[in-house]
Ligand SMILES: Nc1ncnc2c1ncn2[C@@H]1O[C@H](COP(=O)(O)OP(=O)(O)O)[C@@H](O)[C@H]1O
Ligand SMILES: [Mg+2]
C-alpha cells in the first residue's frame with residue numbers, strides 16, 4: 001500500500017486473477033454440502049424402505065374359514081347358560097372338530113396335532129367371546145374366519161420358501177398340502193389385522209398387538225408432559241428472569257447442563273430407588289415411568305426454554321418496564337408469549353426423546369410381559385420402544401414383521417408430534 | 001482530573017445551587033472541570049438530581065452530577081458518545097435497576113419524593129416518569145393494545161369506552177391518530193420506523209406521566225420522521241416535562257429550552273439553550289459545539 005510504484009497492476013486485475021479460484025472453492029463447498037444432504041436422505045430412505053417392506057405385512061393376518069358348530073354338549077352341557085360355565089368351556093374342541101370335519105382322513109396323534117396346529121390358539125378365544133356376548137349362538141352353525149397359526153401366516157405371506165426341502169422348512173409337506181387345498185377353495189386368505197393395532201401383547205405372534213404399548217406410551221407421555229412442561233418452564237423463567245446472579249444460581253445452572261448429559265439409565269436407577277423403593281409406588285406403572293422420564297426431559301426443556309427467553313429482545317422488556325409494568329407483568333405479558341414457540345419446540349423435542357426412551361424404563365419394570373391393555377397410569381404397562389425391544393428379542397419368525405410394524409407405529413407417532421409442534425408454532429407466531 | 005471520593009455526597013451538598021461564581025468564561029479548565037459551569041437549577045423544578053454518581057461495577061460512569069429538570073420545559077442532554085447521557089437519563093426513572101452491576105449514589109427527587117428511597121416502589125415511579133427509547137420498540141401486539149397496555153396494567157380506566165378514549169387521545173397527541181385510526185388492530189411492529197416511534201410516544205403518554213424521558217428518539221429515523229417527532233416534542237412540552245438525550249446539536253437547539261453538556265461522565269455546562277449555542281462558557285462545550293470533537 002505504501003509503495004505504489006512497485007505494483008502497477010490495477011486492483012481490478014488482481015481481483016480478477018483470484019476470482020476463478022474463489023468461485024471454484026465456493027462451488028466445491030456447495031457440492032460437498034449437497035452430497036452430504038443426499039447421503040443423509042439416502043440413508044433415511046433406505047431405513048424407511050427396509051422397515052416398511054419388513055413391517056407392512058404385520059397389518060395383515062392370515063385367517064382360515066372354518067365351519068364352526070356351537071355344540072351344546074361341549075359349551076354348556078347343563079343348559080343353564082351360567083356365564084362361569086360358558087367362560088370355562090373347551091372352545092378349542094369346537095375348532096378341532098371343525099378341522100377334523102374338513103380333513104376326515106387325518107388319523108394318528110402326530111398328524112392330528114399338526115392339523116390342529118394350523119389354527120391359532122386365539123381362535124378359541126374368538127369363539128368364547130362370541131358365545132359370551134351372544135349365548136343364543138349355542139346350538140347353531142356358523143362359518144367363521146379364524147386366525148391361522150404364525151407359521152401358516154408366514155407361509156401364506158411368502159416368508160417361508162415352499163420349494164425348500166422339508167427338513168429345512170418349518171412346515172411339513174403334509175401341512176403344506178392342506179394349506180394348498182385351502183387356498184384352492186379360497187378358504188384361507190390375508191385379512192386386515194385390526195387386532196394388531198388394538199390388542200395387547202401375546203406369546204403367540206399372530207395374536208400379539210401393539211395397543212397395550214401404545215396406551216402405555218400415551219399414559220407415560222401424558223404424565224411426563226404434565227410434570228415436565230410446567231416445572232421446566234417455571235424453572236427456566238425463575239432462573240432467567242428472577243433469580244439473582246450469584247454463586248448458587250451459577251451452581252444450579254452448571255448442574256442442569258450436566259444433568260442433560262447423564263446417561264438415561266441412571267435416571268431409571270434413581271426412579272427405582274426413590275419412587276418405587278422409597279415412596280412405594282407400583283412397579284411397571286406409567287406414572288413412575290412418566291416421573292422418571294420427567295427427570296430425563298427436564299434439562300432439555302429448561303435449556304431450550306432459557307434459550308427462548310434469552311432470545312426475546314431486551315428492548316421489549318425495557319418497553320414494558322418503562323411504562324411501569326412490574327417484573328412479573330413484563331415476564332408474563334410480553335416475554336413469555338414471545339418465548340413460547342421456542343419453549344414448545346423444546347418440549348416436543350424432549351417428549352420425542354421420552355417417547356423413544358427404553359433404558360430407564362427397563363429399570364422400573366416396564367419391561368414385563370403384559371397382556372392387558374392398561375386402563376390408567378397406575379396399571380402395569382409397557383411402552384412402544386420396550387415392546388419393540390421385547391419382540392426383537394423373540395425367536396419366532398413372525399415377530400420380525402411385528403417388530404418392524406411397531407417401529408412404523410413409533411415413527412408415525414414421532415412424525416405426528418413434529419407436525420403438532422410445527423402447527424403449534426405457526427399458531428403462536430401468527431398471533432404476533 | 002476526576003477525583004472520586006466516598007464523601008462526594010457530603011462535599012456536593014456544599015456546592016448546591018449556582019456554582020458559576022468566579023469563573024472566567026472559556027478558560028481555566030482545571031478549575032471548571034470539577035464543577036458545572038452555568039445554572040443547574042430551574043425556577044420550577046419537577047425533578048432534582050444532586051451529586052449523582054453512577055458506577056458500572058468499579059467503573060465510574062457519572063461523576064457528581066447535579067441538575068434540575070423544570071416543569072414544562074424541554075431539557076436537552078448533549079455530549080460525545082459514551083459520556084454518560086443515557087446513563088444519567090436512565091437514573092431518572094430507575095431503569096438502571098435492571099442492570100445488575102449498576103450502582104447509583106446521590107439524591108434524585110421527583111417533586112418531593114426521593115426516588116432512590118429504599119421503600120419506594122418503581123412501578124408507580126415509572127408510571128410518572130415515562131421513557132421513550134432509542135430504537136422504536138413497540139410490543140408485537142396490535143396498535144390499540146400497545147397504547148392500551150399502560151392504562152390497563154395501572155387500572156386507569158374502568159370500562160372499554162374510557163379506554164378507547166384514552167387510546168384515541170394518546171394517539172392524537174402523538175400525531176398518529178389519522179394514520180392508524182382505521183387499522184388499530186394491526187400489529188404495531190408493522191408500522192414504519194417513524195410511526196413506530198410515535199406509537200411508543202403514544203404508549204408512554206397514555207399513562208399520563210409527569211415527565212417523559214427520551215433517549216435519542218430520532219437516531220433511527222429519517223429526516224422527515226425526525227421533523228415530525230421534533231414538532232411533537234414541542235407540542236408535548238405544554239403538558240409534560242421532557243428530558244431528551246440527543247447526539248444532534250441542531251435538534252437540541254430546535255426543541256429544547258435548556259441544554260446540558262456532558263463530557264466523560266461529568267456535567268460540564270448547563271444553561272439556556274440559546275446561550276449555550278451562542279456563547280458557550282466552557283472550552284469543552286465550545287469545542288464540542290463548534291465541531292472540534294465529538
Ligand atoms: N450496561 C453497561 N455496563 C457497563 N458499562 C456500561 C453500560 N452501559 C453503559 N456503560 C458505560 O457507561 C458509559 C456511559 O455510557 P452511556 O450512558 O450509554 O453513554 P451515552 O449515552 O452518552 O453514549 C460508557 O463508558 C459505557 O461504556
Ligand atoms: Mg446513549
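Throughout, read-outs are computed from the coordinates displayed, never taken from laboratory work. Computed from a predicted structure; not experimentally measured. Cβ placement follows ideal geometry from the backbone for every residue including glycine, while neighbour counts extend to all protein chains displayed.
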Placing each pseudo-label 7 Å from Cα in the direction of the beta carbon, residue A:204 and residue A:48 end up separated by a distance in nanometres of 3.6
Most mobile of A:71, A:28, A:174 per a Gaussian network model of chain A (Cα springs, under 10 Å)? A:28
Could you work out the equivalent-ellipsoid semi-axes for the protein assembly as shown, taking the square root of 5 times each eigenvalue of the Cα gyration tensor, largest first, in whole Å? 81, 30, 24
With -39,500 (n - 2.57) per DSSP H segment of 4 or more residues and division by the full residue count of chain A, the 222 nm estimate, nearest 500 deg cm²/dmol, is -19500 deg cm²/dmol
Inside 10 Å of the C-beta atoms of A:322-335, what's the mean count of C-beta atoms belonging to other chains? 6
Let me know the shape class of region A:211-428, please: from the alpha-carbon gyration tensor, a ≥ b ≥ c as square roots of the eigenvalues, rounded when a/c is under 1.5, otherwise prolate if a/b is greater than b/c, or oblate. prolate
By how many degrees, between 0 and 90 and to the nearest 10, does the Cα long axis of helix A:122-133 differ from the longest principal axis of chain A? 80
What is the helix-to-structure angle for B:143-154, meaning the angle in degrees between its Cα long axis and the longest Cα principal axis of chain B, kept from 0 to 90 and rounded to the nearest 10? 70
Under 1.5 on a/c is rounded, so check that first for region A:148-195, then, if it is not, pick prolate when a/b is larger than b/c and oblate when it is not; a ≥ b ≥ c are the square roots of the alpha carbon gyration tensor eigenvalues. oblate
Expressed in whole Å with the largest first, what are the equivalent ellipsoid semi-axes of region A:82-140 derived from the C-alpha gyration tensor as the square root of 5 times each eigenvalue? 25, 11, 9
Count, for each residue of A:147-158, the Cβ atoms from other chains sitting within 10 Å of its Cβ, then give me the mean as a whole number. 0
At 0.36 nm per residue, minus the direct Cα-Cα distance, what do residue A:194 and residue A:97 gain on full extension? Give it in nm, one decimal, please. 32.2 nm
Sort the following peptides by mean Cβ neighbour count (other Cβ atoms within 10 Å, averaged over residues), highest first: A:91-99, A:205-213, A:368-376. A:205-213, A:91-99, A:368-376
Return B:207, A:292 ranked ascending by Cβ neighbour count within 10 Å, so the fewest neighbours appear first. B:207, A:292
Footprinting exposure proxy for A:426, B:141, A:157 (fewest neighbouring C-beta atoms within 10 Å first): A:426, A:157, B:141
Chain B, Gaussian network, Cα under 10 Å: of B:247, B:154, B:263, the residue fluctuating most is B:154
Helix B:160-173 sits at what angle to the longest principal axis of chain B, using alpha carbons and giving 0 to 90 degrees rounded to 10? 50
So what is the calculated 222 nm ellipticity per residue for chain B, using -39500 (n - 2.57) for each DSSP H run with n of 4 or more, over all residues, to the nearest 500 deg cm²/dmol? -9500 deg cm²/dmol
Quick check on the protein assembly as shown: of the DSSP beta bridges with both residues there, what percent are antiparallel, nearest 5%? 65
Given that compact globular proteins tend to follow 2.2 N^0.38 Å, what is the ratio of the alpha-carbon Rg of chain A to that value? 1.43
Can you give the mean number of other chain Cβ atoms that lie within 10 Å of the Cβ atoms in peptide A:313-321? 6
Candidates A:265, A:420, A:364; GNM for chain A (alpha-carbon contacts under 10 Å) flags as most fluctuating A:420
Inter-probe distance in nm under a simple model that places probes 7 Å from Cα toward Cβ, at residue A:13 and residue B:219: 4.6
Using only the Cα atoms of region B:91-250, build the gyration tensor, take square roots of its eigenvalues as a ≥ b ≥ c, and label the shape rounded, prolate or oblate: rounded if a/c is under 1.5, else prolate if a/b is larger than b/c, else oblate. oblate
Please compute the length gained on full extension between residue A:32 and residue A:247, using 0.36 nm multiplied by the number of residues separating them and subtracting their Cα-Cα distance. 72.9 nm
Two-site label geometry, residue B:103 and residue A:418: point separation in nm, points 7 Å out along Cα→Cβ: 5.3
